[in-house]
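The values are calculated or read from the model by the stated rules, or taken from the named source; none is laboratory data. Just so you know, these numbers come straight off a predicted model, no measurement behind them. Note: ideal-geometry Cβ built from the backbone for every residue, glycine included; neighbour counts use all protein chains shown.
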């Protein structure tokens, strides 16, 4: 057979054979292009699907689990929350501003496709070290893109992460999560039904941008000579178009004018038409000549696979069409009938004019559901050396601490974090906390929703299974610090090349670790995204599962204590003591190759649940002046951050082991307690079976930790405040 | 009967719901004034809210000023009705010529979302009539183009007529003379970059915006300062 075309489109010879079997004939060029995008790794999850099944998806509040555009949770009072996270790693590596902007745009459409109004974005960013020119360019571009798009589209960005590490130098990670709210009764799914109903394309005209985005770009690594040539595969965003599209779609749903609705994301029209038809068990005729185009001369395969942004597909009864067009007109949103729901045995037919020649004719479900599923070979790395490596020596703990402090406010001040008057705790804290108001009546429920985004590539590189469990545990503890209990988790699994057995082993282990932690902590996984082929010059990134966990505060009457410190208070360590430097950032920095040593500290998930419950109780009962979880950088960084943010000093005596300073063992927080409440807090911890120790006091103008650290508060604050803007040349 | 506040909505506005929630929290009734309709109906006060009207394309406010509703807002202002432009609304009011000067990109060339400390410097505007001069307020800002500028004559006039309503204590964006908000000669049209509605609930960290919005609503409830003889509330007839 002629192998050049399907290989150029990213299909293997075996996949091309399978298409031929499905159709009973050789596919034409258009059909091949449609299969190529739908069977891409990005759209089909062909390498990860068999593993993802092991994640626990059930929970009594779960209304919609994985596999739809977003997970949906019942949050009470007739309100449902839709949540999703997605990566836009490869586009952001090539064109940071538009890559990140369209990442935000795409995740928003996933949310309002469910009938939900998007109310919050979170972004988790990972780039190379900032002494690298290109990494600085990527970070500035990505932040500008999220700022430019998110602010203008009118959805606040309430939190996120910024991590700089050499593992991301050639392949940055841009993960964007979105939360939306809807009245439970408005929940809609992307389904076509009702033979004779119309498929109406809403929003932007279709251009040549983003063609092959999912196959050429997102499903292959970097490092070849042709990376620059991939730029046309990056889409270009228009937040003003998206804003009007959100308002028009929500108005259509409010008015009950659509049967089903689906966003156009990866794989464009091919994906939206085949998924709606396949889920609804119907067929669809699509008139390619009815699609409004940005430029003349576009080939049908370009129209069908373009990833032009800000488009939605609505399924509408013919009698409602006039009203739909009028409502779209009010919001200045283009609306064109481009398809019809048919009963033709579930066939997706592409026509040139509804009565014109048939350009493609395939079973809709075969694009959506028949993609190959690969059980790719797994291989654990060779066994570690018989004796564990000697503990790295950290020569100057004070300098080490200063080097690890970084205030992310240079990033988040560029984002509107307050729109909708919900933001009780914005970016910069352990978790974001939002007032929960009814999405249509605006009635305040008196409760709150919390969001956190967490990842730690160092832990996951050392031991992907336990590392991922630690990431989930950290997220749950972050929620506890604002008083919230977890409701649901969505994950973004950023890994290297799945054709490398070690990467598949990492992915499989990570999923098992996530499943263990989620089961133990009672958190269902309601959706996710898998981003593979994160590699550069043949080197895979460290495994980087990123989780976003949604939580709830049952009674929100006061702002949580936050990362705060007041003179004259006592510092209480809640949770176990540890000096274990396995996987710790300070240990990695002290080794020649920058790799963190293993194994990871133990994680007792039963104890972890108790610690989280205790912290929630202490926050709810207003017994804390401040609270901060211990994670990246250990106790030292936790203390450094509370000192830097408050400008108040602290003294923690009796520490002479750098391991105690920098261990990243989980299940631990620093609680700041007024003196007269210390006994109360210790008694509650004792009753909860949680270790608790008064370790120090707050006050003065120095941060003193045993004989290891003695720093002026202003030096701590300056190091924290200046690191990011100075590295980027803004200070 | 409670006060009626009209909140202008352009395509791309996004703070209209927040403005409505904040004034409703103070007992007013809020309703949308659609950009394509040349009327302010029977409202007692008008808010032009924040957001990105028409995507801020070309220049913030440059397209919105041509909306049919803006003619009605100008008439309403002319007749003494209280008009408040917040953030993008301030930009729209300057583009529409209802307030002098212009808002350019922030000095730091970055979008800036943070809480600013403001000082009330004039109490002759509808926004500040209920506050004492020198009152210090903590109010969020959220803008890319908030750097106020005007020619020297305009600045001299604003100062001479006591029309600089609020100033930044620690100028975050390079605004001329630390200006955060100004008013018209008559004091009934006010524009400011900070968002008083974002400081309207204890859970949001500040309630300093409430006194400003309350002053504004009180002005809407007062007899209209009509420019026509007899002082009838002419604006209700339009």
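See the values below:
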item: Single residue of A:155, A:143 found to be within 18 Å of the chain's Cα centre (by Cα), in a loop (DSSP other than H, G, I, E, B), buried (at least 24 other Cβ atoms within 10 Å of the Cβ) and within 14 Å of chain B (Cβ to nearest Cβ); result: A:155
item: Residues within segment A:60-101 that are under 14 Å from the mean Cα position of the chain (by Cα) and not in a loop (DSSP other than H, G, I, E, B), tallied; result: 9
item: Residue match in segment B:198-215 (condition: within 18 Å of residue B:106 (Cα to Cα) and either away from chain A (no Cβ under 14 Å) or buried (at least 21 other Cβ atoms within 10 Å of the Cβ) (or both)); result: no
item: Filter result for residue A:306 (touching a helix residue (DSSP H, G or I) at 6+ places or on another chain (Cβ under 7 Å) and within 10 Å of residue A:206 (Cα to Cα)); result: yes
item: Selected residue [assigned to a strand (DSSP E or B), within 19 Å of the chain's Cα centre (by Cα), within 24 Å of residue A:178 (Cβ to Cβ) and at pLDDT below 95] from A:528, A:551; result: A:528
item: Verdict on residue B:172 being assigned to a loop (DSSP other than H, G, I, E, B) and within 14 Å of chain A (Cβ to nearest Cβ); result: yes
item: Any hit, segment B:133-144, residues being at pLDDT 95 or above, within 14 Å of another protein chain (Cβ to nearest Cβ) and part of a helix (DSSP H, G or I); result: no
item: Residues located in segment B:34-48, provided they are within 11 Å of another protein chain (Cβ to nearest Cβ) and in contact with a strand residue (DSSP E or B) (Cβ under 7 Å, 6 or more places away or on another chain); result: B:34, B:35
item: Residue in segment A:182-194 that is more than 17 Å from the chain's Cα centre (by Cα), crowded, with 24+ Cβ neighbours inside 10 Å and in a strand (DSSP E or B) present; result: yes
item: Residue count for segment B:2-28, restricted to those that are at negative phi and more than 14 Å from chain A (Cβ to nearest Cβ); result: 7
item: Positions within segment A:30-58 being under 19 Å from residue A:360 (Cβ atoms) and surrounded by fewer than 15 Cβ atoms within 10 Å (Cβ to Cβ), in sequence order; result: none
item: Top-ranked residue of segment A:708-731 - restricted to ones that are outside any helix (DSSP H, G or I) and in contact (Cβ under 8 Å) with a residue 60 or more places away in the chain, ranked as surrounded by the most Cβ atoms within 10 Å (Cβ to Cβ); result: A:709
item: Candidate set: segment A:330-343, residues that are in contact with a strand residue (DSSP E or B) (Cβ under 8 Å, 6 or more places away or on another chain) and more than 16 Å from residue A:286 (Cα to Cα); chosen: the one surrounded by the fewest Cβ atoms within 10 Å (Cβ to Cβ); result: A:334
item: Only listed residue being touching a strand residue (DSSP E or B) at 6+ places or on another chain (Cβ under 8 Å), touching a residue at least 60 places away in the same chain (Cβ under 8 Å), within 30 Å of residue A:629 (Cα to Cα) and more than 14 Å from chain B (Cβ to nearest Cβ), chosen from A:469, A:431; result: A:431
item: Test: residue in segment A:389-406 that is modelled with pLDDT of 95 or more, within 14 Å of chain B (Cβ to nearest Cβ) and assigned to a loop (DSSP other than H, G, I, E, B); result: no
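To keep it simple, each residue is scored yes or no on (1) within 22 Å of residue B:209 (Cα to Cα); (2) within 14 Å of another protein chain (Cβ to nearest Cβ); (3) within 15 Å of the chain's Cα centre (by Cα); (4) surrounded by 24 or more Cβ atoms within 10 Å (Cβ to Cβ).
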{"residue": "B:56", "(1), (2), (3), (4)": "no, yes, no, no"}
{"residue": "B:66", "(1), (2), (3), (4)": "no, no, no, no"}
{"residue": "B:72", "(1), (2), (3), (4)": "no, no, no, no"}
{"residue": "B:77", "(1), (2), (3), (4)": "no, no, yes, no"}
{"residue": "B:97", "(1), (2), (3), (4)": "no, no, yes, no"}
{"residue": "B:106", "(1), (2), (3), (4)": "no, yes, no, no"}
{"residue": "B:115", "(1), (2), (3), (4)": "yes, yes, no, no"}
{"residue": "B:127", "(1), (2), (3), (4)": "yes, no, yes, yes"}
{"residue": "B:131", "(1), (2), (3), (4)": "yes, no, no, no"}
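So that you can scan it fast, the table gives a plain yes or no per residue for (1) more than 30 Å from residue A:445 (Cα to Cα); (2) within 14 Å of chain B (Cβ to nearest Cβ); (3) touching a helix residue (DSSP H, G or I) at 6+ places or on another chain (Cβ under 9 Å); (4) not in a loop (DSSP other than H, G, I, E, B):
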| site | (1), (2), (3), (4) |
| --- | --- |
| A:533 | yes, no, yes, no |
| A:542 | yes, no, yes, no |
| A:561 | no, yes, yes, no |
| A:571 | yes, no, yes, yes |
